[in-house]
Amino acid sequence: MVNDAKPASYDYRIAFGCWINDMRNSALPLQQWPAPHCDDATVEGVTRTLDVISAAGYGYLDMFGLYATGNYPPDIVSAFTDPERNRRLDLIFTRAADRGIRLCLPLGLMTWGWDRIIVEDPEVRGVDAAGNPHPHAMCGAKEKSWAYIEKLLDTMFARHDFGGVHLESADLGYCSCPQCAGEYGVVGYNARLNARAADYIKAQHPDVLVYTCPISWVPFSLDKGTGRQKTFTAEDLPHVLELSRHIDIFMDQGHHGRYVPWEEVPRLQCAYGTSGGLWAYHGSRQDRLSYFLPYPLRGAAHLRDHHDHGTRACLYYQGPMINPAVEVNSAVAGRVMSEVTRDPKAVLEEVIELYYQPRSTGAGQHLAQVFVDLEEAYFGQWDEQRFHETQNLEMPGEFLVGTLFNTSPDAVTHMGEPYLDAAGRAAYRQGLKAALAALEQLSGQFDDDGRLDRMTRCVAMAHHLLATFMLARGEPWMD
Ligand SMILES: [Zn+2]
């Protein structure tokens, strides 16, 4: 009997930049986060990402920082008048369309993008919980704040045929005045902001995907009773359920655990989405070939598990594709999202075949195993209890390769506690060393456009940095 049923898959497979320069293939070592650039290297990085995600079955690319990062001007439209920036962004939109990828409009809803406006037009400035002027948020109770939001949306849509809109209202905080969070509570207020914005977008663009990312609606910390990440309370949930009538996806990303308990997911009137359970955040300062963090198997396992619990959308973080681990993570995840029941190892081998063109089946399988061993060498050292006890946080979710706010090349934070302890570093170092030996043995067996050489550089650099870290800690680091 022919089984022509559609494979179990994610309906919405969205690649997330997440900022436009996080995907660039050359570092900006002194650049404060997030980098505002839109230069040739930005375009090259995005183009390479488009190549990987289109081949892997993603439908969308979502990235912040197209026209501005934190500072839209009060007239909004002058952010769109730089001819060079416009030319480069137009090129990105053309290349996305050529590859069948729709781009999403990033909207900081009252926060992210409004720092200049709240200074130059203090009437729209929100207040923090202590009643002081908010450093980032507009007040959602002011119609003039909505005029800015609507003008930005209108200007963006006039320029480009966006396929989706990413709404994010609390990453940098929110207004706590008596008409905002002071009246409705944090979740109630943010849900209302998102519903109103979604209604405005849908009225004009009914086919555009509208999704909400609720980061910071609930603080990242463990609940004393359950010992797990705090979730929405019984008072919060009705607000989220009401919002779900206005949007297409509630993207409960899960930086340190999710906010919606699995048993509540079927009650949502929209699709439920995550960011796939585990992801590295790359920023733009870190040397692109100085670390190597593959997680194809863990990523696939999370995607399968989340799908089994009703998740049908994913906002999957990307990074600099020149780093072979980033490329493999994205390529495997897209294929798994397109058919979640596939054997992850077989998907990995398919990706290795495509990008490395092994001259023998054995060489391809051996290289796939090197990726698997390196994944285990690093992530196998993570200990859930250590995150709980030392940080009062769930195991990531999201972890940073370096840091966010800084203006010099970062320390390699992912090699310290709580990620790795001394025993973990010792084991990781052995894993890196074993990989270098395997890569030396595999040299010359692929038509891989330099990937094996880049991988070798990444693994060697990771070992250098790890050994230096261990030296500084007084831990044995030599053979
Ligand atoms: Zn307010």
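Only the coordinates and a few stated rules stand behind these numbers; no lab work does. Keep in mind that what you see is a predicted model, and the values were worked out from it rather than measured. Glycine also receives a Cβ, built like all others from the backbone with ideal geometry; neighbour counts cover every protein chain displayed.
What the table shows:
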{"quantity": "Per-residue [θ]222 nm for the chain (sum of -39500 (n - 2.57) over DSSP H runs n ≥ 4, rounded to 500)", "calculated": "-13500 deg cm²/dmol"}
{"quantity": "P(r) tail fraction, the range 361-472 - alpha-carbon pairs more than 24 Å apart, %", "calculated": "34 percent"}
{"quantity": "Relative contact order (%) - criterion: Cα under 8 Å, at least six apart; region: the chain", "calculated": "18 percent"}
{"quantity": "Relative contact order of the range 46-129, defined on C-alpha pairs under 8 angstrom at six or more residues apart (%)", "calculated": "44 percent"}
{"quantity": "The range 30-89-the range 222-279 distance, computed between alpha-carbon centres (Å)", "calculated": "29 Å"}
{"quantity": "Exposure proxy ranking, count of Cβ atoms within 10 Å, fewest first, for S26, S290", "calculated": "S26, S290"}
{"quantity": "Antiparallel bridge percentage (DSSP; both residues within the chain; nearest 5)", "calculated": "15 percent"}
{"quantity": "Pairwise FRET efficiency - N132 versus T81, Cβ, R0 = 41 Å, nearest 0.05", "calculated": "0.75"}
{"quantity": "Charge context of T274, other residues only, Cβ under 9 angstrom, K/R +1, D/E -1", "calculated": "0"}
{"quantity": "Residues T233 and K6, FRET efficiency given R0 of 45 Å [Cβ-Cβ distance, rounded to 0.05]", "calculated": "0.75"}
{"quantity": "Point-charge dipole on Cβ atoms (K/R +1, D/E -1) for the range 12-342, about Cα centre, debye to 20", "calculated": "640 debye"}
{"quantity": "For peptides 46-52, 417-423, sequence by mean Cβ density within 10 Å, most packed first", "calculated": "46-52, 417-423"}
{"quantity": "Charge tally in the Cβ shell below 13 Å around S408, where Lys, Arg are +1 and Asp, Glu are -1, S408 excluded", "calculated": "-1"}
{"quantity": "The chain: Cα Rg divided by the 2.2 N^0.38 Å rule of thumb", "calculated": "0.97"}
{"quantity": "Label-to-label distance, nm, for residues given as T94 and L30 (7 Å Cα→Cβ offset)", "calculated": "3.4 nm"}
{"quantity": "For the range 175-208 and the range 336-386, distance of Cα centres in Å", "calculated": "42 Å"}
{"quantity": "Sorted by Cβ neighbour density within 10 Å, fewest at the top, the residues I76, I352", "calculated": "I76, I352"}
{"quantity": "Those lysines that a straight Cα-Cα span of less than 29 Å connects to K142, excepting residues fewer than 8 apart in one chain", "calculated": "K151, K202"}
{"quantity": "Selected from Y58, G70, A96, residue furthest toward positive end of dipole (the range 1-102; charges at beta carbon)", "calculated": "Y58"}
{"quantity": "Tensor-based shape of the range 236-391 (alpha-carbon gyration tensor, a/c under 1.5 rounded, otherwise prolate or oblate)", "calculated": "prolate"}
{"quantity": "Gain on full stretching of the segment that runs from Q369 to D305 - 0.36 nm per residue minus C-alpha separation", "calculated": "20.8 nm"}
